[in-house]
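Comments concern the structure below.
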Amino acid sequence: MNTFTTLLTRGLLLRCPVCGRGKLFSGLFTMNKQCPYCHFRFEREEGYFTSSMAINLVVSELLVTAFALPLAANPSIPILPVLLVGAPLALLLPLLFFPHSRGLWLAMDHYMHPLNRGELSADTIEALQHQKEESRLDVL
């Protein structure tokens with residue numbers, strides 16, 4: 001069973017939560033349907049990544065607030081530069097964090113709802129067994 005830190009690391013590195021080898025994304029915004037190594041389908045059900053949008057929004061807005069609030073509270077700093085930097089930041093940060101929010105959601109979901117053997121395809125089971133055998137050889 002994967003530990004939370006292992007899953008979290010895989011999520012932040014945009015790797016498959018099951019095997020840790022496959023990439024989640026083939027482009028900046030293009031998510032793979034399944035892992036290229038273990039063939040695990042990333043979207044477990046329709047609407048699966050809705051919660052990743054909430055993660056993206058919360059993290060992005062907290063970062064923007066952490067940047068803008070101290071600057072806006074300081075009366076010696078003119079408001080125009082704060083707005084000129086803060087407004088684009090509020091628009092760009094969610095776009096840049098998008099892949100990582102999906103990776104984090106996959107990691108958290110796999111920790112809270114681990115896979116059972118019935119959810120895995122034969123290809124996934126075979127790939128995981130092969131990976132397990134390879135890791136034993138690395139130790140020897």
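Being at negative phi, of a type in the set (S, T, N, Q) and either in contact (Cβ under 8 Å) with a residue 40 or more places away in the chain or in a loop (DSSP other than H, G, I, E, B) (or both) is true of Ser76.
This table checks each residue for (1) at pLDDT 70 or above; (2) of a type in the set (A, V, I, L, M, F, W, C); (3) not in a helix (DSSP H, G or I).
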site	(1), (2), (3)
Pro94	yes, no, no
Ser101	yes, no, no
Asp109	yes, no, no
Leu115	yes, yes, yes
Lys132	no, no, no
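Of all residues assigned to segment 6-18, none qualifies as being part of a strand (DSSP E or B) and free of Cβ contacts under 8 Å to residues at least 40 places away in the same chain.
Can you find, within segment 1-55, the residue that is surrounded by the most Cβ atoms within 10 Å (Cβ to Cβ) among those that are aliphatic (A, V, I, L, M), out of contact with any Gly (no Cβ under 8 Å at 6 or more places or on another chain) and under 24 Å from Leu95 (Cα atoms)?
Here is the first cut: in segment 1-55, the ones aliphatic (A, V, I, L, M) are 1, 7-8, 12-14, 18, 24, 28, 31, 53-55.
Applying the additional criterion that residues be out of contact with any Gly (no Cβ under 8 Å at 6 or more places or on another chain) yields 1, 7-8, 18, 28, 31, 53-55.
Right, trim to under 24 Å from Leu95 (Cα atoms) and you get 7-8, 28, 31, 53-55.
Numbers: Leu7: 24, Leu8: 17, Leu28: 9, Met31: 17, Met53: 14, Ala54: 11, Ile55: 18.
Of everything passing the filter in segment 1-55, Leu7 is surrounded by the most Cβ atoms within 10 Å (Cβ to Cβ).
Answer yes if at least one residue in segment 79-98 is closer than 28 Å to Ala127 by Cβ, without any contact (Cβ under 8 Å) to a residue 40 or more places away in the chain and surrounded by fewer than 18 Cβ atoms within 10 Å (Cβ to Cβ), and no otherwise. No, because not a single residue in segment 79-98 is closer than 28 Å to Ala127 by Cβ, without any contact (Cβ under 8 Å) to a residue 40 or more places away in the chain and surrounded by fewer than 18 Cβ atoms within 10 Å (Cβ to Cβ). Quick one: which of Phe67, Phe49 is among the aromatic types (Phe, Trp, Tyr) and within 14 Å of the chain's Cα centre (by Cα)? Only one candidate passes the filter, namely Phe49.
The values are calculated or read from the model by the stated rules, or taken from the named source; none is laboratory data. This one's a predicted model, so the numbers in the text were calculated from it and none came from an experiment. Don't worry about glycine lacking a Cβ; one is built from the backbone with ideal geometry, like all the others, and counts go over all protein chains shown.
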